[in-house]
Amino acid sequence: AAVVGYVVWHYSQDLPDHAQLAKYEPPVTTRVHASDGTLLAEYARERRLYLPIQAIPKLLVAAFISAEDKNFYKHGGVDPEGIARALVRGRAAGGRQQGASTITQQVARTFFLSQRFTASRKIKEVLLALEIERRLDKPRILEIYLNSVEWGEGVFGAQAAARRYFRTDAARLDSGQAARLAVMLPAPKRFEKRPYSAYVSSRTATILARMGAVQPP
């Protein structure tokens, strides 16, 4: 307990300022941050199509929760069940790393940390996720997530992705299309080259089967 307490205290001292997420708006520039949240560079105007959570269809929300974080509405930012499941799968896969990040952790990583995996980054990611859940409600976290994810080269957010891959608005997506967009994460730049590959189609069917169990409030 003493060791855990020290680790939490140590890494809490230099966490990035997560309070800014409460007033998040889509950026007009690309920002590059260091692992500690320091702004390194700011360049290139971007055009993002922002949707408030009320305009994001529930079937799209269900698809992403089914694919990325099935316990999203139950956990407080970190999912112990997901971590345990990832550890078991990692051992079965011969020690290869398995993902266990919640949607909230992904928001923390996207906005404040680097994508390079290190133990210190993972600890900060967990601490930030807990703080984000304390400050923001679930719909707001989902809104930020679904408007900031990159779905391919220069494609940011659910609205831009719906138009890019299906030539329609996010509100008009059917369940199959929503599931297919969810499957493209976390490697959209790879899957955008083969959006109808055997893997994507198989995984889409799995997500479709799970979506009925998700009931967004």
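Can you pull out the residues in region 97-122 that are assigned to a helix (DSSP H, G or I), open to solvent by less than 50 Å² (accessible area, probe 1.4 Å) and in contact (Cβ under 8 Å) with a residue 24 or more places away in the chain? Within region 97-122, Ile103, Thr104, Gln105, Gln106, Val107, Ala108, Phe111, Phe112, Ser120, Arg121 qualify.
Scanning region 172-190 for residues that are surrounded by 13 or more Cβ atoms within 10 Å (Cβ to Cβ), more than 19 Å from the chain's Cα centre (by Cα) and assigned to a loop (DSSP other than H, G, I, E, B) yields one hit, Leu173. For region 191-200, the condition holds for at least one residue, the condition being that it is open to solvent by 20 Å² or more (accessible area, probe 1.4 Å), at pLDDT below 95 and closer than 23 Å to Leu51 by Cα. Kindly indicate whether Val149 is among the aliphatic types (A, V, I, L, M), at negative phi and touching a strand residue (DSSP E or B) at 6+ places or on another chain (Cβ under 9 Å). Against the criterion (among the aliphatic types (A, V, I, L, M), at negative phi and touching a strand residue (DSSP E or B) at 6+ places or on another chain (Cβ under 9 Å)), Val149 qualifies. Taken over region 139-171, the criterion of being assigned to a helix (DSSP H, G or I), under 23 Å from Leu208 (Cβ atoms) and charged (D, E, K, R) is satisfied by Arg163, Arg164. Here is a check on your reading of the model: is Val126 open to solvent by 20 Å² or more (accessible area, probe 1.4 Å), in contact with a strand residue (DSSP E or B) (Cβ under 9 Å, 6 or more places away or on another chain) and in contact (Cβ under 8 Å) with a residue 12 or more places away in the chain? No; evaluated as a whole, the condition is false for this residue.
Here Ala67 meets each of (1) outside any loop (DSSP other than H, G, I, E, B); (2) modelled with pLDDT of 75 or more; (3) under 22 Å from Ala129 (Cβ atoms); (4) open to solvent by 80 Å² or more (accessible area, probe 1.4 Å) with one exception, condition (4).
Annotation: of all residues in region 136-162 being among the charged types (D, E, K, R) and at pLDDT below 90, the one that is surrounded by the fewest Cβ atoms within 10 Å (Cβ to Cβ) is Glu153.
The values are calculated or read from the model by the stated rules, or taken from the named source; none is laboratory data. Bear in mind the structure is a predicted one, so any value in this text is a computation, not a measurement. No Cβ is skipped: glycine too gets one built from the backbone with ideal geometry, and neighbour counts run over all protein chains shown. Areas reflect the complete protein model, heavy atoms only, side chains present, ligands, DNA and RNA absent. Shrake-Rupley method; radii C 1.70, N 1.55, O 1.52, S 1.80 Å.
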